[in-house]
Amino acid sequence: MKKIILLTVMSFLVVASAGCGRKNTEAPSENTPLPEASPQVIEEVPATPLPEATTLGQTLANEFLTLMETDPDMDADAIADTLIQNPAILFSGTTMPIEPGYLAGFGNTEISGFTQGVSFAPMIGTIPFVGYIFKLEEGTDAEAFQNLLKDNADLAWNICTQADELVVEVSGNTVFFLMCPDSLEE
């Protein structure tokens, strides 16, 4: 049943993309398999000052890191709810729990290895913006998970638009992922 739904959605996206007249000149990236998971050792690291945010992605990444420094046990729902309300986001946004599998922005790559996941995005689908918060399963290699996201992310996943920026941050067992424009205009 999931495959039928996925094929239906993918067919719709292909037809809609063709209707927009956008040409994709990029070669498809190769999918790299996730290496064997090994336990992650989390060490306490002294706090370092955050870089000055110059883009929307950096602004939200800095807020994520600040939230994690303040409360490392904050759940994914609370993080996503806080991030989507950032004043730099100039659209009405929503959050939604997600489960391992095919996620928007990663093509035909299944994303797994997390116990809790939440997406945050605009209510209007033409804005090239999608974010995820993942709480990793015990034993999931955070660096390998981060690389899986980076290697399979498609900045042009959204019909007729393309994100400018891809940002991934890890704090303990929590991963922040975002594809977005550099800024949102008022």
Name the pairs whose Cβ atoms lie under 7 Å apart, with the first residue in segment 122-139 and of a type in the set (Val, Ile, Thr) and at pLDDT below 90, the second outside any loop (DSSP other than H, G, I, E, B) and surrounded by fewer than 22 Cβ atoms within 10 Å (Cβ to Cβ), and 6 or more positions between them or separate chains?
-> none
Subset of segment 89-111 (residues that are on the phi < 0 side of the Ramachandran plot and small (Gly, Ala, Ser)) | SER92, GLY93, ALA104
Kindly indicate whether PHE114 is of a type in the set (Phe, Trp, Tyr), open to solvent by less than 50 Å² (accessible area, probe 1.4 Å) and without any contact (Cβ under 8 Å) to a residue 60 or more places away in the chain.
-> no
Which one is nearest to GLY125 (Cα to Cα) among residues in segment 67-81 that are surrounded by 14 or more Cβ atoms within 10 Å (Cβ to Cβ) and over 15 Å from the mean Cα position of the chain (by Cα)?
-> ALA78
Residue check: is PHE120 assigned to a loop (DSSP other than H, G, I, E, B), open to solvent by less than 50 Å² (accessible area, probe 1.4 Å) and touching a strand residue (DSSP E or B) at 6+ places or on another chain (Cβ under 7 Å)?
-> no
Looking only at residues in segment 170-186 that are open to solvent by 60 Å² or more (accessible area, probe 1.4 Å) and either free of Cβ contacts under 8 Å to residues at least 60 places away in the same chain or among the acidic types (Asp, Glu) (or both), which one is farthest from GLY139 (Cα to Cα)?
-> GLU186
Yes or no: GLY93 at pLDDT 95 or above and either open to solvent by less than 40 Å² (accessible area, probe 1.4 Å) or more than 25 Å from LEU184 (Cα to Cα) (or both)?
-> no
When segment 52-65 is checked residue by residue, the ones that are surrounded by 14 or more Cβ atoms within 10 Å (Cβ to Cβ) and either of a type outside the set (D, E, K, R) or within 22 Å of GLU99 (Cα to Cα) (or both) are ALA53, THR55, LEU56, GLY57, GLN58, THR59, LEU60, ALA61, ASN62, PHE64, LEU65
Looking at (1) open to solvent by 30 Å² or more (accessible area, probe 1.4 Å); (2) modelled with pLDDT under 95; (3) within 21 Å of ILE84 (Cβ to Cβ); (4) out of contact with any Asp or Glu (no Cβ under 6 Å at 6 or more places or on another chain), find the lone condition where ASP164 falls short.
-> (4)
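The values are calculated or read from the model by the stated rules, or taken from the named source; none is laboratory data. These numbers were taken from a predicted model, which means no experiment stands behind them. Backbone-built Cβ (ideal geometry, glycine too); neighbour counts: all protein chains shown. Ligands, DNA and RNA are stripped out before the accessible areas are found, and what is left, the full protein with its side chains, is counted by its heavy atoms. Shrake-Rupley method; radii C 1.70, N 1.55, O 1.52, S 1.80 Å.
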